[in-house]
Ligand SMILES: Cc1cc2nc3c(=O)[nH]c(=O)nc-3n(C[C@H](O)[C@H](O)[C@H](O)COP(=O)(O)OP(=O)(O)OC[C@H]3O[C@@H](n4cnc5c(N)ncnc54)[C@H](O)[C@@H]3O)c2cc1C
């Protein structure tokens, strides 16, 4: 989940881009080698967006403003040749560039891009499933909800993440943490092959059979090797009727220590179909900081209730809701129906998103964190929208794969933490 940033300046200029004429507006009085090159290089379906055009702000908006890069041009690519032309134009004009998809990434290093080229790959969003072959192929910018909808329609499942708008490949090439992890492992563990456009603009396949070393690196450190045009994943038969148990609970924050003591026992032995997420945040309804917990069980309610009995035994519970939900409707249903929309909003005032993986649950540290959180929102009221989320997918399938099989180095972790600070 912790990536190294992909800020590429291409060294290998193979040939000048081919002139095929893009649709561009508002650039008549500019003199810029990058713009001139893109103008003559992109296909008619491709386009350029400049800062003085109204669309520009929307098209560079990111989930987090932390480490946000600054662009002077957007190249909206529509096919492989456009990607190639954009890279060559960036090199030709000595411009740093960044591929962007759903723009949920926030990595140290992006901020070094001060006047760069955004290569907007959102057109690469196709998703096709072959239910006979048990495979799914998606474009480089497809998001989780698209993949969930496509697999659900043919009664298949694939490990995906908890935010519906996050990129499947953007997440999957770093590992990919998600609710079906106990059953199928990390998202990257289901990756079968990729078609990748390398920095020298050639396109190759990487899999266990071809370019094996590259495929190893892509599964855990995949942002650094080029743009993945499309990727093929293994898919699995869906759980009975595609129904999952969704349980949402809200506790007062004063149960933090006993909650994490219980979780410390339960987390390493969670049944494979179970995943948990907790969120510490200010709750206007209770005029207090509360601990919300979402538990999802991939299977029947009777089994799911048994699996989360330790959560139901934690008292007091301020609010509780347990329902069966089809997989394709799950993300928006979580956290009492608040699971999707806030995560899809780009370009808000959200400043800092900090993540970490851990393999020890320390209840006293959680109590200290809760106290510090409360102090922070009291002293700095503008931070009241902040939150601390912890994710505990069952870990057995991810741990069953040897550590050296992919570049992802943290298979022994127990959970993941994300601190979102509004300021
Ligand atoms: C609200 C939210 C929820 C999240 N939930 C989860 C989760 O449940 N599980 C999880 O594992 N992670 C999760 N993440 C983290 C997420 O996986 C990373 O931030 C990821 O890098 C986002 O990818 P993106 O394509 O959406 O973002 P972008 O910012 O568009 O891309 C991120 C990086 O990936 C590169 N990249 C994107 N597509 C390609 C491609 N096709 N080929 C090569 N490089 C590419 C980009 O160049 C960039 O360096 C979440 C993040 C947020 C903000």
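Matching residues to (1) within 12 Å of the ligand (Cβ to nearest atom); (2) under 15 Å from residue 187 (Cβ atoms); (3) touching a residue at least 60 places away in the same chain (Cβ under 8 Å):
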{"residue": "104", "(1), (2), (3)": "yes, yes, yes"}
{"residue": "113", "(1), (2), (3)": "yes, no, yes"}
{"residue": "132", "(1), (2), (3)": "no, no, no"}
{"residue": "157", "(1), (2), (3)": "no, yes, yes"}
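What's the total number of residues in the stretch 58-82 that are within 21 Å of residue 107 (Cβ to Cβ) and assigned to a helix (DSSP H, G or I)?
Adding up the residues that qualify gives 2.
Name the single residue, out of those in the stretch 46-55 being surrounded by fewer than 18 Cβ atoms within 10 Å (Cβ to Cβ) and touching a strand residue (DSSP E or B) at 6+ places or on another chain (Cβ under 7 Å), that is modelled with the highest pLDDT. Full working, then the answer.
Start the filter on the stretch 46-55 by keeping residues that are surrounded by fewer than 18 Cβ atoms within 10 Å (Cβ to Cβ), which leaves 51-55.
So of that shortlist, the ones also touching a strand residue (DSSP E or B) at 6+ places or on another chain (Cβ under 7 Å) come out as 51, 55.
Details: 51: 96, 55: 93.
Across the stretch 46-55, the extreme among qualifying residues is 51.
Tell me, which residue of the stretch 35-45 that is touching a helix residue (DSSP H, G or I) at 6+ places or on another chain (Cβ under 6 Å) and part of a helix (DSSP H, G or I) is surrounded by the most Cβ atoms within 10 Å (Cβ to Cβ)?
From the stretch 35-45, those touching a helix residue (DSSP H, G or I) at 6+ places or on another chain (Cβ under 6 Å) are 37-38, 41-43; that's our starting set.
Subsequent filtering for residues that are part of a helix (DSSP H, G or I) retains 37-38, 41.
Numbers: 37: 23, 38: 30, 41: 24.
Once the filter is applied, the top-ranked residue is 38.
Taking the stretch 159-173 as the search range and keeping residues that are more than 6 Å from the ligand (Cβ to nearest atom) and either buried (at least 24 other Cβ atoms within 10 Å of the Cβ) or at pLDDT 95 or above (or both), which one is farthest from the chain's Cα centre (by Cα)? Working first, answer last.
Filtering the stretch 159-173 down to residues more than 6 Å from the ligand (Cβ to nearest atom) leaves 159-160, 164-165, 168, 172-173.
Of the ones still in play, those that are also either buried (at least 24 other Cβ atoms within 10 Å of the Cβ) or at pLDDT 95 or above (or both) are 159-160, 168, 172-173.
Values: 159: 12, 160: 9, 168: 7, 172: 8, 173: 10 Å.
Looking at the filtered set, the residue picked out is 159.
Quick check on my filter: what residues within the stretch 177-219 are near the ligand (Cβ under 9 Å from one of its atoms), without any contact (Cβ under 8 Å) to a residue 40 or more places away in the chain and more than 30 Å from residue 88 (Cβ to Cβ)?
None; the set is empty.
Filter the helices (runs of 4 or more DSSP H) completely within the stretch 326-423 down to those with at least 3 residues that are surrounded by fewer than 17 Cβ atoms within 10 Å (Cβ to Cβ) and at pLDDT 95 or above.
Working: elements: 330-337, 341-344, 363-379, 396-399.
Correct list: 363-379.
Every residue, every condition in (1) closer than 19 Å to residue 223 by Cα; (2) modelled with pLDDT of 95 or more; (3) buried (at least 21 other Cβ atoms within 10 Å of the Cβ), yes or no:
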{"residue": "99", "(1), (2), (3)": "yes, yes, yes"}
{"residue": "102", "(1), (2), (3)": "yes, no, yes"}
{"residue": "105", "(1), (2), (3)": "yes, no, yes"}
{"residue": "117", "(1), (2), (3)": "yes, yes, yes"}
{"residue": "120", "(1), (2), (3)": "yes, yes, yes"}
{"residue": "125", "(1), (2), (3)": "yes, yes, no"}
{"residue": "131", "(1), (2), (3)": "no, yes, no"}
{"residue": "135", "(1), (2), (3)": "no, yes, no"}
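Can you find even one residue in the stretch 301-308 that is surrounded by 17 or more Cβ atoms within 10 Å (Cβ to Cβ), at pLDDT 85 or above and closer than 27 Å to residue 410 by Cβ?
Yes, the stretch 301-308 contains a residue that is surrounded by 17 or more Cβ atoms within 10 Å (Cβ to Cβ), at pLDDT 85 or above and closer than 27 Å to residue 410 by Cβ.
Please determine, by comparing only the residues of the stretch 141-155 that are within 16 Å of the chain's Cα centre (by Cα) and part of a loop (DSSP other than H, G, I, E, B), which one is nearest to the ligand (Cβ to nearest atom). If you could, list the steps in order and put the result at the bottom.
From the stretch 141-155, those within 16 Å of the chain's Cα centre (by Cα) are 141-148; that's our starting set.
Then drop every residue that is not part of a loop (DSSP other than H, G, I, E, B), which leaves 141-142.
Working: 141: 6, 142: 9 Å.
In this case the residue turns out to be 141.
Filter the stretch 83-102 for residues that are within 14 Å of the ligand (Cβ to nearest atom), part of a loop (DSSP other than H, G, I, E, B) and more than 26 Å from residue 207 (Cα to Cα) and give the result.
The answer is 96, and nothing else.
What number of residues within the stretch 121-137 are closer than 12 Å to residue 229 by Cα and in a loop (DSSP other than H, G, I, E, B)?
Total meeting the criteria: 6.
The values are calculated or read from the model by the stated rules, or taken from the named source; none is laboratory data. Keep in mind the model is a prediction, meaning the values are calculated, not measured. Cβ: placed from backbone, ideal geometry, glycine included. Neighbour counts: every protein chain shown.
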